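Please read the structure below before turning to the comments.
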Amino acid sequence: MLGQSENFAEIISHDIIVAPTTAKGRSAIAGIRISGLNSIEFTRRSLMLNISCLEANTAQVAKFNIEYNSHLITDKAVVIIYRAPKSYTGEDMVELFVHGNPLLVETLVEFMISKGARLAHPGEFTMRGLLNGKMDLLDAESVSAVIEARTLRSISAVKRITSVNRELKGLYEKIRGILVEITVVLEFPEDEITHVDVKEWLNKLSKIYDYLDDFMCRARNSQALTTGLTVAIAGPPNVGKSTLFNRIIGSERAIVTPHPGTTRDIIEAIVELEGVPVKLLDTAGLRKSEHPIENEGIMRAQTAIENADLLLWVIDSSVQLPVSIPKHQNSLIVINKADLEISDEILKKFSDSPKISALTGEGLQMLLELVSHKVINVPLDALIVSIRTQNFVSKSKESLENCIDALSKEYVDVAQVMLEKADMQMSQLFEPVGCVDIYEEVFSRFCVGK
Ligand SMILES: Nc1nc2c(ncn2[C@@H]2O[C@H](COP(=O)(O)OP(=O)(O)OP(=O)(O)O)[C@@H](O)[C@H]2O)c(=O)[nH]1
Ligand SMILES: [Mg+2]
């Protein structure tokens, strides 16, 4: 990650940058992207690319020829040429698709670097796109969010930003319009402020406020779609926690034996519930033990329970009470081994708890529905936006609220100051100042090649 602005000078330079666009590893095809002034000619010359036509946006197969570390490498690549400004970066750009051998990709990239290109920093292609007006910051942020999304629902929530972006921009322009009107009226007192003006401004600003408020709810509650949720399976030893864990993930990850105290380490797996990534944890059975290794497992289990969004506390249907259950802000008691006889005491005390058999799978579907209900609170129209965007929208909403409050008391001068603030905060979404900060906040987390 870049830390200092001297490195940043590279980012806003016109260097020719190069980077692989596909993940390292063997694959059918691998991509390399080259961008910058004269990058088309540079690529053609340095790789001795045998391109027959230099027409933009057409794919063609071309031979390349390089001599690197005394090896002569000749192969074919699919080449796509993009001419500025019609490219992802807004600059001249070339994309090469070669055989998916990581060694070949690395060699080609290194070779181009030896010929004068520079390895791109993470997110630099997208940053150039932003600086060249190909996209705005919200679009750029959604690029990395799409790549990071772990479920299809998360991808939809990211892509929803495209329409929201348009609407937000419209609101930003409206704020600017009203700000101009208020400023004009304040600067030319001969144009007296009428109640009609104030009422109209209030009306428009309240609608904008409501939209921002709704935006924040949709964004805030959707955090589970990106960060995911944690569900810890815990309980006394031998109640079937690991059997339940294996059953939910659909594989025999955790060791299951009839001996109490089998699980020691925390075992993790990611499952998807209602489109939300859920980290499921299997933990050591909680009991008093003299065994140091088991005790370490128990301590880890206790920490996992504390940090979990939901505690699934498993009880064996046939055991005698009392069973002490740890305090947790969100827990669900599950009666396992329902294929065996359920003790009267358990039946009576936990009449509302789901009864399942991790061994046969009975009751599992209902349990998962209950888990979703207890832990997933993501609106259908959820939005995935960065914390940065959420901060600016939230601050703008706050200033707008103050502005509305002042206007309703007819303190128009105070309202103007507040509206200016709201306008400035919204402007950070579309016309941000301070490229270095933005690079640090937004692009440095991208992968190289994007
Ligand atoms: N009949 C029946 N047996 C079960 C069920 N679930 C688990 N068992 C059995 O109970 C024993 C313990 O199962 P585990 O899944 O290892 O229990 P655990 O809670 O993970 O145990 P520890 O890791 O020792 O705390 C094994 O013999 C399982 O086959 C169930 O639903 N019905
Ligand atoms: Mg276990």
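Every number in this text was worked out from the coordinates using simple rules, so none of it is lab data. What you are looking at is a predicted structure, and each value in this text was computed from that prediction instead of being measured. Cβ sites come from the backbone with ideal geometry, for glycine too, and all protein chains shown count toward neighbours.
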Region 227-375, dipole about Cα centre (Lys/Arg Cβ +1, Asp/Glu Cβ -1), debye to the nearest 20: 220
Cβ neighbours within 10 Å, averaged per peptide: list 31-43, 141-153 in order, most packed at the top. 31-43, 141-153
Cα-centre dipole for the chain with unit charges at Cβ (Lys and Arg positive, Asp and Glu negative), debye to 20: 1600
Please work out the C-alpha center-to-center distance from region 143-190 to region 222-259 and express it in whole Å. 42
The distance between the Cα centres of region 292-357 and region 47-105, in whole Å, is 60
Compare Q425, Q416, Q329 in a GNM of the chain, Cα atoms joined below 10 Å, and give the one with the largest fluctuation. Q329
If you take the square roots of the eigenvalues of the alpha-carbon gyration tensor of region 379-450 and sort them as a ≥ b ≥ c, do you get rounded (a/c under 1.5), prolate (a/b over b/c) or oblate? oblate
Cβ-based exposure ranking for F111, F430, in which fewest neighbours within 10 Å come first: F430, F111
Normalised by the empirical 2.2 N^0.38 Å for globular proteins, what value does the Cα Rg of the chain take? 1.31
Amide hydrogen neighbours beyond the local backbone of A338, cut-off 5 Å, H modeled: I356, S357, A358
Lys/Arg Cβ at +1, Asp/Glu Cβ at -1, dipole of the chain taken about the Cα centre: which of Y172, H14, A77 is farthest positive-ward? A77
Quick one: compute the contact order of region 258-407, relative version, from alpha carbon pairs under 8 angstrom and 6+ residues apart, as a percent. 15
For region 320-381, which GluC sites (Glu not before Pro) pass both filters: DSSP loop (anything but H, G, I, E, B) and at most 14 other C-beta atoms within 10 Å? E341, E362
Calculated SAXS-style log₁₀ I(q)/I(0) at q = 0.17, 0.19, 0.20 Å⁻¹ - region 315-450, Debye, Cα scatterers: -0.96, -1.10, -1.16
At most 14 other Cβ within 10 Å, DSSP loop - chymotrypsin sites (Phe, Trp or Tyr not before Pro), region 321-414: Y411
Listed residues K397, K348, K169, most fluctuating in the chain (Gaussian network, C-alpha, under 10 Å): K348
For a quick check: sort C447, C403 by the number of other beta carbons within 10 angstrom, fewest at the front. C447, C403
Out of residues 5 or more away from V314 or on other chains, whose amide H comes under 5 Å of its own, with H placed 1.01 Å from N in the peptide plane? A234, G235, V334
